[in-house]
Amino acid sequence: MSRQQIPTQAPAPSLSRRRFNLCMALAAAGLAGPAASRAQDAARRPPIRLVVPFAAGGTTDVLARLLAEELRAVLGQSVLVENKGGAGGNIGAAEVARAAGDGATLMMATPGPLAVNQYLYPKPGYNAEKDFAAINNVAFVANVLMASSHSGIRSLRELIARAQAEPGRITYGSAGVGSTSHLAGELLKAAAGIDLTHVPYKGVAPAMNDLLGGQIDLMFDNLPTALAHIQSGKVTALGVSSPAPATALPDVPAIASRLPGYEIESWFGIVGPASLPAREVARLADAIGQALQRPALRQRIEALGARVDGAGSQAYAAFIASEQRKFKQLIASANIRME
C-alpha cells in the first residue's frame, strides 16, 4: 500500500505577529484617512462659479482666470470663471449677493461694486456693506497718471503749475462716471487744489484712443493696460497712485511723494454672499492664500504690474470697510452723480 502524501502547511503566525500586522494596518489607514477624506470632500462639492462682474479681457478677468487655474489644483475642485458685466459691475454683484451660501458662487470684487457704486446708483440691487462675505484679497494694482504727448506736460509739478495758471483748461478722460479712473482724477484735484475738466467715456479703450490722439490731455488707467503705451513713448507717465513707485515703472514717482496722503489703487479680491458660513470662508481664504504662494502664480501676477496680497478674510473685510468710507466721502465732497 502506497504512502499518502500530506501537504505541508505554513505555521500559523504567532499572536504577537498578528497584533503587529493589525497595528500597522490601522496606522496606514490613519495616515491615509485625512487625505482621502479631503479628496472625497472635494469630489462631492459642486464646481465653484467665479463671477467676474465685467466683460472678458480686462484686468479683473485676467486675474480671475489666473487664480482659478491655481485654485483648481489647491482645492481639487473645479473653478469656472463666468463674466456677468453691466451697470458698472452691479448686475454680477447683485447675482452673487442673492446666491446660496454654499461656497458654489463667488465673485472677483473690485472697488466699483464693493466700495463705489452704492454711493452713485440709487438702486444698485444690493447693499455692499451687508450682502457680502470678504474672503481674501488677491492683488493691488496701481493706477498711473498719463499725459498725452500732444499736451506738452512732462511732470506732475508742471501739471499742477499749469492747472493753477489756467483753471479748468486741462482735460482728463476716464472710463466713465464713478470709475476708478474718474475718482483718481477727483482725488488729484482735491489733493493739489486744482481744477481739471473731466471727460467721461464709455470704457477705457475710447478714452485711451483720444489720449493718444491728443483730444484729451490726461488720463488715469490701471498699470497693466497702460504699460505698453508708456513703454512705447506714446504717452508720458507722470506718477503712480500707489504709496511707493511700482516695480514695473521704477523711475516714475508716486504721486504721494508730491502730494502726501494721495493713494487710490485698484484691488481685486474674492467675496461670497453674506450667508457663507465662517468655516467655508476660512476654507476658501486658506486655499486662496496657498494659491498665491505658488511661485508660478505670483510671477504671472507681478508680470502684470500688480502686487500680490492674500492677507486673509479679516484683513480684507477691514480694508473694504475703509475703502467704503473713503469713497463715500470723496463722492459726496466732489458731488459726483451718474449722468
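In the range 140-163, the condition of being small (G, A, S) and within 20 Å of Q118 (Cα to Cα) is met by no residue. If you filter the range 243-297 down to residues that are assigned to a loop (DSSP other than H, G, I, E, B) and under 15 Å from the mean Cα position of the chain (by Cα), you find that the one that is farthest from G193 (Cα to Cα) is E265. When Q324 is tested against the conditions (1) part of a loop (DSSP other than H, G, I, E, B); (2) polar (S, T, N, Q); (3) open to solvent by less than 30 Å² (accessible area, probe 1.4 Å), the lone failure is (1). The residue that is nearest to P260 (Cα to Cα), among those in the range 156-198 that are of a type in the set (G, A, S) and surrounded by fewer than 21 Cβ atoms within 10 Å (Cβ to Cβ), is A191. R157 falls short on exactly one of the conditions (1) part of a loop (DSSP other than H, G, I, E, B); (2) in contact (Cβ under 8 Å) with a residue 24 or more places away in the chain, and that condition is (1).
Just name the residue that is nearest to L276 (Cα to Cα) out of those in the range 135-154 that are in a loop (DSSP other than H, G, I, E, B) and in contact with an Asp or Glu (Cβ under 6 Å, 6 or more places away or on another chain). Residue satisfying both the conditions and the ranking: A142.
For the range 77-96, taking the residues that are open to solvent by less than 50 Å² (accessible area, probe 1.4 Å) and part of a loop (DSSP other than H, G, I, E, B), the one that is nearest to A285 (Cα to Cα) is identified as Q77. Within the range 290-310, the set of residues being hydrophobic (A, V, I, L, M, F, W, C) and touching a strand residue (DSSP E or B) at 6+ places or on another chain (Cβ under 6 Å) comprises L292, I301, A306, V308. Take the conditions (1) part of a helix (DSSP H, G or I); (2) closer than 21 Å to A303 by Cα; (3) more than 23 Å from the chain's Cα centre (by Cα); (4) not basic (K, R); T236 misses just one of them, which is (1). Of the residues screened, E129 is not one that is open to solvent by 20 Å² or more (accessible area, probe 1.4 Å) and either outside any loop (DSSP other than H, G, I, E, B) or free of Cβ contacts under 8 Å to residues at least 60 places away in the same chain (or both). Any residue in the range 321-333 that is closer than 16 Å to A128 by Cα sitting within a Cβ distance under 6 Å of a residue that is among the hydrophobic types (A, V, I, L, M, F, W, C)? List the pairs, counting only those 6 or more apart or interchain. Correct list of pairs: E323/A115; Q324/A115; F327/A115; F327/V116.
The values are calculated or read from the model by the stated rules, or taken from the named source; none is laboratory data. What you see is a predicted model, and the numbers here were worked out from it, not measured in a lab. Every residue, glycine as well, gets a Cβ built from its backbone with ideal geometry; the counts of neighbours run over all protein chains shown. Ligands, DNA and RNA are excluded from the accessible area calculation, which covers all protein heavy atoms including side chains. Shrake-Rupley method; radii C 1.70, N 1.55, O 1.52, S 1.80 Å.
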